Structures are given as C-alpha cells and as structure tokens.
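Participant: So that we are looking at the same thing, I have put the structure below in structure tokens.
A short reminder: the numbers here are calculations on the coordinates, not readings from a lab. Since the structure is predicted, the reported quantities are computational estimates derived from the model, not experimental observations. Cβ placement follows ideal geometry from the backbone for every residue including glycine, while neighbour counts extend to all protein chains displayed.
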Amino acid sequence: MHNLISDYLGEILDDVRDHVDGEIPTYITSLTKADPDWLGIAMCTTSGRVYEAGDAEVLFTIQSVSKPFIYALALQECGLERVLDVAGMEPSGEAFNELSLREEDKRPLNPMINAGAIAVNQLINGEDSSVEDRVDVIFDFLSKLAGRELEMDEESAVDELEKADRNLSIAHMLRSHDVIVDAAHDAVDSYTRQCSALVTVRDLAVMSGTLANGGVQPVTGEKLLDPEVCRQTLSVMSSCGMYDAAGRWMARVGIPAKSGVSGGLIGMLPGQLGIATLSPRLDPAGNSVRGVDVFEDLSTDMGLHLMSTEHRTGSHAVRSVDRSGEDTIITLQGVVTFTAAEEILHKLNSLDFVSERVVLDVSRVIDSHSMGRRMLKEQLQRIREAGYDIAVVDPDAELRGRQLSDGSQIPLAEDL
Ligand code: GLN
C-alpha cells in the first residue's frame, strides 16, 4: 500500500516540476554533471520515521548544507564563546562567497557564509590538527548524523580546490587577522573536503531531524549534540541560512534552513521534523529554485511556519474535569508548557469545587517544562489554602517531586 505522506510529498514535487528557471553553477566542474531535472524530497520526524519522494536516492555533494552541521560540531567541541570568537551571528545580506569581515573586530559575520564556515572548520579537532585528522573527525560526525558511512567525492574536492581562488582569498584574509592558524591552502582544502561529502536527501532529512530533535539522532537514537547547541545552530540558520534572501525566506517559509550550490536545501522544525530537497538549478542568490518553491508549498499546506499565529498550543491541556464522584478529578494531557499551564490555571480558577478533595491527574502528560510544573504546584498549594484537600495521580513522576513551596508534600491519590 502506498504511504499517504509519501504520496503527498510526491504531489508537491509534481506541482513544481515544470519550474525550470535558474542555472546550474559551473565554477565547480562536478556540479555540471548533475541532471538539472533531479527533483527529490525527504522528511524525517523526530520519532525517526522517514518519508521520501522523487529522486531521494541520488547522491550529490553536500556543499554549504554542511555548514550548520559543522557549526554544531564546533559548538559541541569548543563551546559557544570560542566559536563566537571566530564567527558572529548576524546576517550579512551578501553573497555566500563575499570577501567580507565585521568592521569592529575583523571576524566573519556568521558561520553560514564561506568566510565564517572556513573559520569554523578550522576549530574542529583543535587548531593544531592535520587536515587529514580534521576531515576524518568531520566525516565521522556527518556519518553519525546520517546513520550511515558517508563518502567523499574526491574528484569534486580536488577540482574545487584547483579553482578555489575566491575561497583562498577569504582564507588569506582570515589568516591575516589571526582568525585561523593554518596556511590558507590547508584551510580551504579542509573546508572543500567538508563540502564534498556525498549525501542523498534522505541522509539530509535524517541529519536535519537530529538538529530538530535536540541532538538525538532520531533513527539510531544516538545522542550526538546538546540541545543548546541545536538551538544555537537553528537560530543562526533562521537569520543567515539563505544568504541575502534570508529575510524573505523567514517571512514566506518561516523555518530555519540552509541551501547549497549543488541544489540541496534543508529545513528544520524544532521538535518536529527535518526536511530536505534536491533540485540543482539555482536562483541568483544561490538557492535552489524548485527547492524554495517546495518549501513555500509545504509551509503553507502543512502549517509549518514558525511565526504562524494560528497554532493554539496548550489549549487542550485540560482533558477532562470529573465532578461526578467524591473527588473533583482534573485530568491533564499533552505537554505542560508555560502556555498550557496558564490555560490550566485559568480553568481551575473558574471552577467551583463541590467536593472536599481536588485531584490532579497528570498520568496523561507526556512532557512538562519546569515553569509549567512550578505553576501547577503553586496552584495546588492555593487550592489547599482555600480549604480543600489536594492530591495527584502521577505514576511516572512527571511533576519531578511533589514538594510545595511551603515545604509540604502533595499526597498521591492512591496513598489516601
Ligand atoms: N564549496 C562551495 C563553495 O565554497 C560551497 C558554497 C555553497 O554551497 N553555497 O563555494
């Protein structure tokens, strides 16, 4: 039986198939070997389910789509402060290969343009690392993200390096300002190999799914990155990932994303999905024409825009209120975020309790934030102060302790 979601993804591809605008870049010879008609998509949920359609098995060089992943690796290895030392987090509003540095401290504006990505690449495995060892660490990490051994397109790497005058100028510029230590040639060699990892959209979707999933690879379950590292990476992507089209992208699609010259495009929905597309023809900003179209369609159709004001998170936090028995039983569900807790408190405040005891059942709560838990406990304390007995049903210790701020404990309903 055909999968409904894969079918839907296929339909989205069909909708954009005849958009044949844009050009394949020629400055890297291997890119000219691409079939301009390639069109593929894959999606990976944070639960590790992958859906794909079109040319999902085609291998292509990762190019700039590697930048957020290696940024995340650098953050994980060296910490935020050290990484900010070599690349800022402001959009540049310029082309990806611009020879530009921030005026005040001569640092690249962000890690999503080449200058920043070359600087960040140099942090991996320590500044003293050989190119070989650094590239090994990078490939090992990218492979873990993908959940399979990734290979390098050696020919593409050699070929790009031969004509890398622009990136070499960038590296010289970085070295003259002490942003990098290695010789310019070695730095560009290392970065170019990073860009030559061979991936499919399926790989990229799973890799993106890992960032969306707080650093846990959703298919293998391996913990690769800290959640703070993923948050930082997604934040920088959201303002800098689409080069000088970043503002328009955020307004029209509204999810953190990164494009590359080989026509790859990734996006992540924090906590939900990683998505990747391939279509080699690029627009003047260097972004895949049909990739951008697909993401615009997906965002509208599936309601993925992060700035969408229609998502009413928390509005179903109270599953039921049962006042038929001896106790008033309030059953919660879903994720108790701040907004959910606010909704719960509002409901509780508007209820007249006819029973002597109020029981809060959190057995259907799947996750909670510390602020949400604090609010629930405060509210229970107030209910007790108003003269009622209180208790909770909390088999999985979702409340992480039943201590109230007055030092007392909330009893478990079954203990009474
Ligand atoms: N390797 C490419 C370069 O440095 C990557 C650029 C890109 O994908 N935008 O030119």
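Participant: What is the Å³ per residue value for the convex hull set by the Cα atoms of the range 267-402? Walk me through the numbers on the way to the answer.
Facilitator: On the way: hull volume 18.1 nm³, N = 136.
Normalising the Cα hull of the range 267-402 by residue number yields 133 Å³.
Participant: While we're on this one: Cys78: net charge of surrounding residues, Cβ under 12 Å, Lys/Arg +1, Asp/Glu -1, itself excluded? The partial results should precede the final answer.
Facilitator: Values: positive: Arg82; negative: Glu77, Glu81, Asp85, Glu127.
Neighbourhood net charge equals -3.
Participant: Kindly express, to the nearest 10 degrees and within the range 0 to 90, the angle between helix 131-146's C-alpha long axis and the longest C-alpha principal axis of the chain.
Facilitator: 40 degrees
Participant: So, one more: Report Rg (one decimal) and Dmax (nearest whole number) for the chain, counting Cα atoms only, units Å.
Facilitator: Considering the chain through its Cα atoms, Rg and Dmax are 25.1, 81 Å.
Participant: Greater than 19 Å separation of Cα atoms is the criterion. Which listed pairs, Lys33/Lys144; Lys223/Lys258; Lys33/Lys67; Lys106/Lys163; Lys67/Lys258, meet it? Write out the running numbers ahead of the final one.
Facilitator: Numbers: Lys33/Lys144 28 Å; Lys223/Lys258 22 Å; Lys33/Lys67 23 Å; Lys106/Lys163 25 Å; Lys67/Lys258 8 Å.
Table pairs above 19 Å Cα-Cα are Lys33/Lys144; Lys223/Lys258; Lys33/Lys67; Lys106/Lys163.
Participant: Continuing with this model, one more query. Using DSSP to call loops (not H, G, I, E or B), can you name the GluC sites (Glu not before Pro) in the range 321-416 whose Cβ has at most 10 other Cβ atoms within 10 angstrom?
Facilitator: Working: sites: Glu326, Glu342, Glu343, Glu356, Glu378, Glu385, Glu398, Glu414; in loops: Glu326, Glu356, Glu398.
Qualifying residues, ordered by number: Glu326.
Participant: While we're looking at this one, here's another question. Note the angle between two axes, namely the Cα long axis of helix 289-302 and the longest principal axis of the Cα atoms of the chain, as a number of degrees from 0 to 90, rounded to the nearest 10.
Facilitator: Taking the Cα atoms of the chain, the angle to 289-302 is about 10 degrees.
Participant: Label points 7 Å out from Cα along the Cβ direction at Glu94 and Gln381: separation in nm?
Facilitator: Each label point is offset 7 Å from its Cα along the Cβ direction, giving 5.4 nm.
Participant: Then there's this: For Asp182, what is the net charge nearby, where nearby means another residue's Cβ is under 10 Å from its Cβ and Lys, Arg count +1, Asp, Glu -1? Please list the in-between numbers first.
Facilitator: Values: positive: Arg134, Arg175; negative: Glu127, Asp128, Asp186, Asp189.
Counting the neighbours of Asp182, the net charge comes to -2.
Participant: Now a separate question. If one takes the longest principal axis of the Cα atoms in the chain, at what angle in degrees, from 0 to 90 and to the nearest 10, does the Cα axis of helix 201-212 lie?
Facilitator: 50 degrees
Participant: Can you compute the label reach from Glu127? Point 7 Å from Cα along the Cβ direction, backbone N cut-off under 11 Å, restricted to the range 73-98.
Facilitator: 86
Participant: What's the center-to-center distance, using Cα atoms, between the range 114-172 and the range 356-416 in Å?
Facilitator: Here the answer is 52 Å between Cα centres.
Participant: Report the paramagnetic label zone for Ser355: residues of the range 374-394 whose backbone N is under 11 Å from a point 7 Å from Cα along the Cα-to-Cβ axis.
Facilitator: 389-393
Participant: May I ask you to list the trypsin sites (Lys or Arg not before Pro) in the range 360-393 that are in a DSSP loop and have at most 16 other Cβ atoms within 10 Å of their Cβ? Before the final figure, lay out each step's value.
Facilitator: On the way: sites: Arg364, Arg373, Arg374, Lys377, Arg382, Arg384; in loops: Arg364.
Answer in residue order: Arg364.
Participant: Could you tell me which residue out of Gly209, His185, Ala197 lies farthest along the dipole of the range 180-283 toward its positive end? Charges go on the beta carbon: Lys and Arg +1, Asp and Glu -1, centred on the Cα centre.
Facilitator: So the residue we want is Gly209.
Participant: Work out the FRET efficiency for Leu306 and Leu404 from their Cβ-Cβ distance, taking R0 = 35 Å, and round it to the nearest 0.05. Please report the intermediate quantities before stating the final value.
Facilitator: Values: r = 36 Å, r/R0 = 1.02.
That pair, Leu306 with Leu404, gives E of 0.45.
Participant: Restricting attention to the range 154-241, which GluC sites (Glu not before Pro) occupy a DSSP loop and are surrounded by at most 15 other Cβ atoms within 10 Å? List each step's numbers first, then the result.
Facilitator: On the way: sites: Glu154, Glu155, Glu160, Glu162, Glu222, Glu228; in loops: Glu222.
Sites meeting the loop and neighbour criteria: Glu222.
Participant: Another question, if that's okay. Dipole size in debye (nearest 20) for the chain around its Cα centre, Lys and Arg Cβ +1, Asp and Glu Cβ -1? Kindly include the intermediate steps, with their values, before the conclusion.
Facilitator: Values: 36 positive and 69 negative charges, 217 e Å.
Dipole magnitude for the chain comes out near 1040 debye.
Participant: Helix-only estimate, please: 222 nm mean residue ellipticity of the chain, summing -39500 (n - 2.57) across DSSP H runs of length 4 or more and dividing by its residues, to the nearest 500.
Facilitator: On the way: 14 runs with 165 residues, N = 416.
One gets -12500 deg cm²/dmol as the mean residue ellipticity at 222 nm.
Participant: So if each residue of separation counts as 0.36 nm, and I subtract the Cα-Cα distance between Ala285 and Asp35, what length gain in nm does that give? Write out the running numbers ahead of the final one.
Facilitator: Values: separation 250, 0.36 × 250 = 90.00 nm, distance 2.04 nm.
Between Ala285 and Asp35, full extension yields an extra 88.0 nm.
Participant: Starting from the Cα coordinates of the range 214-271, work out the convex hull volume and express it per residue in Å³. It would help to have the intermediate numbers written out before the result.
Facilitator: On the way: hull volume 5.4 nm³, N = 58.
So the per-residue hull volume is 93 Å³.
Participant: Evaluate the distance, in nm, between pseudo-label points positioned 7 Å from the Cα of Lys163 and of Thr339 along their respective Cα→Cβ axes.
Facilitator: Here the modelled spin labels are 4.8 nm apart.
Participant: Shifting gears a bit: FRET efficiency for Leu80 and Glu326, Cβ-Cβ distance as r, R0 = 51 Å, nearest 0.05? The partial results should precede the final answer.
Facilitator: Working: r = 54 Å, r/R0 = 1.05.
So the FRET efficiency works out to roughly 0.40.
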